[in-house]
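Before any comments, here is the structure.
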């Protein structure tokens, strides 16, 4: 057996079929900046995204896993991330749902995780402003690299 074939077989790795979380940190940072939302609040919205309607008790059940914040529910309600679906009537308790704003933001986030590029325009990307922090500049550069990688993968698949 040829040594080159052995080495080639040993060092050739299969590309993973699911690597959509590769840029999770970059995408999460972008959405936190764009929508002025904390990591814990974003994680809560991600949990609630698959829940059609939920009660405050269901909210608090998952909230136990997150950092301690007694005002999270009221803040998300006040900032219109959560909307009232049905008010308390008789023996029926109040039900909530994610607002249109939250569903659009999370839908867009999932598109980015599935390979859509993050916009590189001033109107839609707060990391492109001139007076941003050093960390914002680092993430801005990573977004540019990520977008270039996505474009390259698209070109190779065609």
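Bear in mind these aren't lab numbers, they're just calculated from the coordinates by the rules spelled out. From a predicted model like this one, the values you see are computed outputs, not experimental measurements. As a convention, Cβ positions derive from the backbone with ideal geometry for all residues, glycine included, and neighbour counts pool all protein chains shown.
Side notes on the structure shown:
- Residues of the stretch 34-45 that turn out to be assigned to a loop (DSSP other than H, G, I, E, B) and touching a helix residue (DSSP H, G or I) at 6+ places or on another chain (Cβ under 8 Å), as a count: 2
- Taken as a whole, the condition of being within 18 Å of the chain's Cα centre (by Cα) and either under 27 Å from residue 47 (Cα atoms) or outside any helix (DSSP H, G or I) (or both) applies to residue 66.
- Looking only at the stretch 77-102, and only at residues there that are farther than 14 Å from residue 58 by Cα and in a loop (DSSP other than H, G, I, E, B), the one that is nearest to the chain's Cα centre (by Cα): 81
- Hits in the stretch 46-58 (condition: within 19 Å of the chain's Cα centre (by Cα), free of Cβ contacts under 8 Å to residues at least 60 places away in the same chain and in a helix (DSSP H, G or I)): 47, 48
- Residue within the stretch 133-150 that is assigned to a loop (DSSP other than H, G, I, E, B) and in contact with a helix residue (DSSP H, G or I) (Cβ under 9 Å, 6 or more places away or on another chain) present: no
- Picking from residues in the stretch 81-127 that are touching a helix residue (DSSP H, G or I) at 6+ places or on another chain (Cβ under 6 Å) and without any contact (Cβ under 8 Å) to a residue 40 or more places away in the chain, the one that is farthest from residue 43 (Cα to Cα) is 122.
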